[in-house]
Structure formats: structure tokens, C-alpha cells
Amino acid sequence: MKNITELLNIKYPIIQGAMANVSTYELVSAVSNAGGLGVIASSGNDANWVREQIRKTKELTDKPFGVNVLMMSPHAKDIARVVIEEKVPVVTTGAGNPGPYIKDWKEAGIIVIPVIPSSALARRMERAGADAVIAEGMEAGGHIGKMTTMTLVPQVCERVNIPVIAAGGIASSKGILAAFALGAKGVQSGTLFLATKECPIHENYKKMVVKAKDTDTVITGSDQAPVRIIRNRMAVEYLRLVNEGASFEELEKITLGSLHKAVKEGNMDEGSFMAGQISGLIKEVKPVSELIEELFKELKKDMKELKILWKLQ
Ligand code: TUI
């Protein structure tokens, strides 16, 4: 089995998670230039917007990068075509089953890596021709599945013969080491990249992540689409309304535009600040290249310490 750095032609086995309204060309090019894989989040944007992001990314890096196609987007079909036209090297997918698109992407020479919340979907993706899968646990920020990273990753690794990339709750060298120990060949981190200099979000969003403690995220959204965000006034109000049996329309009043309020306006009370449970470990905002270099330097140290602890060779 190929390792992730060979498969993706990158220096370090780390993928930047595609975060809605956050992972645009500034962050993506910084991550790819630093030796990871930057990934553009198409989220709800249309195909022309995605095409522009791809071209801007290419202006800033000659390294591989990816585009994430959100399966529940009304523009998914058009974006699926644009990634082929623009010769994007890697496609990741989220929030649904990309089965119908995989054959065309593979024929175009694209490396296809779906995010999956279960081992059953991982197997389906392997059979459909995926090159690797990202097993994302519910520690992650944003739209999440039901399983934890700790339980999902080893079970997916046992059921597929393609590389598994672990996601959800990884923001340190020890987290990366744990992912490898579970059988993963690489990691995807989203929250970690929110606290970077190049991340094009409001400073208050970065402050929310840096300030958050381990227990400061909550799950909002519907049963079909649960969404993890940092607890604030909006989140508390949302959960109170749900408890009182509020209608979809009532809930929509406070959620509509709330991601924009977080990302662009830094509205700490009314914004929806998507972030994972590992936020509590993130203590400062750093440049992307410093962050990635430090992570993998620390990883070497951690591995040495583990060997000493267990008196291994
Ligand atoms: O997609 C994500 N995280 C996201 S997408 C997003 S945009 C959004 N904004 C507001 C409300 C809802 C979404 C924010 N965060 N992560 C990858 C992920 N994929 N997590 C879970 C899944 C998933 C779920 C079901 C993947 C496949 C799947 O398939 C079900 C099936 O069998 O069709």
C-alpha cells in the first residue's frame, strides 16, 4: 500500500480539512507550500466561485492541492465537472456519498478521497474506486457523524485495503502518533488551521478557538445534520429552543447567516463558530509553515520517547 506522501506527492502526511467559508485560496496555498495538502472548501458556493479559487491557488503554489465537494450542495454536479476541467490533482468529498462521480474523476486522473463516517461507506468507496478514505470522528468541528475517531479509524482500517486518513480531534504530534497507532497512514486537521496567521477569518474567530477549553463545544443542527460549534450565546439559545420543541422556522431565525457572522463579522454572540473538541489544546495563532514544521519535529521526539518508555529498539 502506497503511503500518503507518495500518493499525494507532498512532504508531510497532513491534509488541511476543508472548512466552509474558511478554506479559501489563502489558507490552501499556505498549507500546500508548507508541505501539507491544502484543500479548498466549495461548501455552498457555485462552480464559477470554485473555478476562481482553483486559479488563485495555482497562482500562489505549484504544489499539489485539493478541492472538497460537498455532496449536499445544489452545485455539486457542476463543481464535479469544474475540478476535471481545471485539472485539480486531488478531490475530497463530504456530507454524502460521491459514488456517482468517482468513475469520471478517476478517468481524469484525479486522486479521490471521500470523507466517511462509517466502515460500511468506506468499503463502498473502496469498491467504487476511491484511492483512500478520510475517517472522520465526531470530535471534529462542523457537520459530523456518530462515531468517535478512536473507534472509527481502527474499524475502517480493518475493513478496507486502501490508505485511511484519520480526522477529528487531531491537533498535535501526539494526536498524529495516535492516529498512526490506530492504523491510519495520515491525518486531516481542520480546527488546527483556524488558528493560523494565513487563515482568512475574523480575528475574533481565532480568539474563540484559542480561548476555548476542552468542554466548550456543543452539537447543534438537526439529527440528520448535526453540527459541532463553540458554545456561545447563539448556541445556548439554539439548544434551548430545540428543548422547547421550536419549529424549523424558529430555529432558522437564529442560524440563518450565522456562519457568515462568525467568519466575516467575528460576531461572538450571534455567530456559528464551527470547531472541534480539540480546540482546548490550541493555545496560539502561528504561521502555517511554522505550525507544520513544529508538528513533525515534535512527532520525531514523541516517537523516541515512546521507544524509551517501552524499551524498544
Ligand atoms: O462535511 C463535513 N463537515 C462539514 S460540511 C459543512 S457545511 C454545513 N454547514 C451547515 C450545516 C451543515 C453543513 C460543515 N462541516 N465533514 C465530512 C463529513 N462527511 N462528516 C460526515 C460526513 C458524511 C456523512 C454522511 C459523509 C458521508 C455520509 O454519507 C451518508 C450516505 O451514506 O449517503
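The values are calculated or read from the model by the stated rules, or taken from the named source; none is laboratory data. Since the structure is predicted, the reported quantities are computational estimates derived from the model, not experimental observations. Reconstructed Cβ throughout: ideal geometry from the backbone, glycine too, with neighbour counts over all protein chains shown. For the accessible areas, the whole protein counts, side chains as well, though only heavy atoms, and no ligand, DNA or RNA atoms are used. Shrake-Rupley method; radii C 1.70, N 1.55, O 1.52, S 1.80 Å.
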> Just the Cα atoms of the range 262-313: what Rg and Dmax do they give in Å?
Replying inline: 17.4, 54
> If one computes the Cα centroid of the range 57-74 and of the range 122-184, what distance in Å separates the two points?
Replying inline: 21 Å
>> Checking a compactness column here: for the range 88-197, what do you get for Rg(Cα) / (2.2 N^0.38 Å), N being the number of residues?
In response: 1.02
> Which value in deg cm²/dmol, rounded to the nearest 500, describes the helix-derived mean residue ellipticity at 222 nm for the chain, given -39,500 (n - 2.57) per DSSP H run of n ≥ 4 and division by the residue count?
Replying inline: -12500 deg cm²/dmol
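Give me the Kirkwood hydrodynamic radius of the range 24-132, using the inverse of the mean 1/r over all pairs of distinct Cα atoms, in Å to one decimal. Please report the intermediate quantities before stating the final value.
Details: mean 1/r = 0.0728 Å⁻¹.
The answer is 13.7 Å.
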> So, in nm, how far is label E158 from label A181 when the simple model puts each one 7 Å beyond its Cα toward the Cβ?
Replying inline: 1.8 nm
> How much accessible surface does D269 have with a 1.4 Å probe, in Å² rounded to 10?
Replying inline: 70 Å²
>> Averaging the inverse of every distinct alpha carbon separation and then flipping it gives the Kirkwood radius. What is it for the range 176-313, in angstrom units?
In response: 16.9 Å
>> Please compare each pair in K211/K301; K2/K301; K56/K106; K146/K297 to a cut-off of 30 Å on the Cα-Cα distance and tell me which ones are over it.
In response: K146/K297
>> Give the aspartates and glutamates reachable from K58 as a straight Cα distance under 12 Å; neighbours fewer than 8 places away on the same chain don't count.
In response: E26, E86
> Among I254, I229, I134, which one shows the biggest mean-square fluctuation in a GNM of the chain, springs joining Cα atoms closer than 10 Å?
Replying inline: I254
>> Please list, by residue number, every one of the trypsin sites (Lys or Arg not before Pro) in the range 219-284 that is coil in DSSP and has at most 11 other beta-carbon atoms within 10 Å.
In response: K283
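Within the set of other residues whose C-beta is less than 11 Å from the C-beta of D78, count the net charge using Lys and Arg as +1 and Asp and Glu as -1.
Values: positive: R51, K77, R81; negative: D46, E85.
That sum, taken over residues with Cβ under 11 Å, equals +1.
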> If you stretched the chain out fully between L60 and D214, how much longer would it get, using 0.36 nm times the residue separation minus the C-alpha to C-alpha distance?
Replying inline: 51.9 nm
>> Heavy atoms of the protein only, probe of 1.4 Å, neighbouring chains included. What is the accessible area of I84 in Å², nearest 10?
In response: 60 Å²
> Given H placed on each backbone N at 1.01 Å, which residues far from I15 in sequence or on other chains put an amide H within less than 5 Å of it?
Replying inline: L37, V187, Q188, S189
>> Limiting things to C-alpha atoms, what are the Rg and the maximum Cα-Cα separation (Dmax) for the range 221-281, in angstroms?
In response: 11.6, 36
> Using just the C-alpha positions of the chain as equal point scatterers, what log10 of I(q)/I(0) does the Debye formula give at each q in 0.08 1/Å?
Replying inline: -0.33
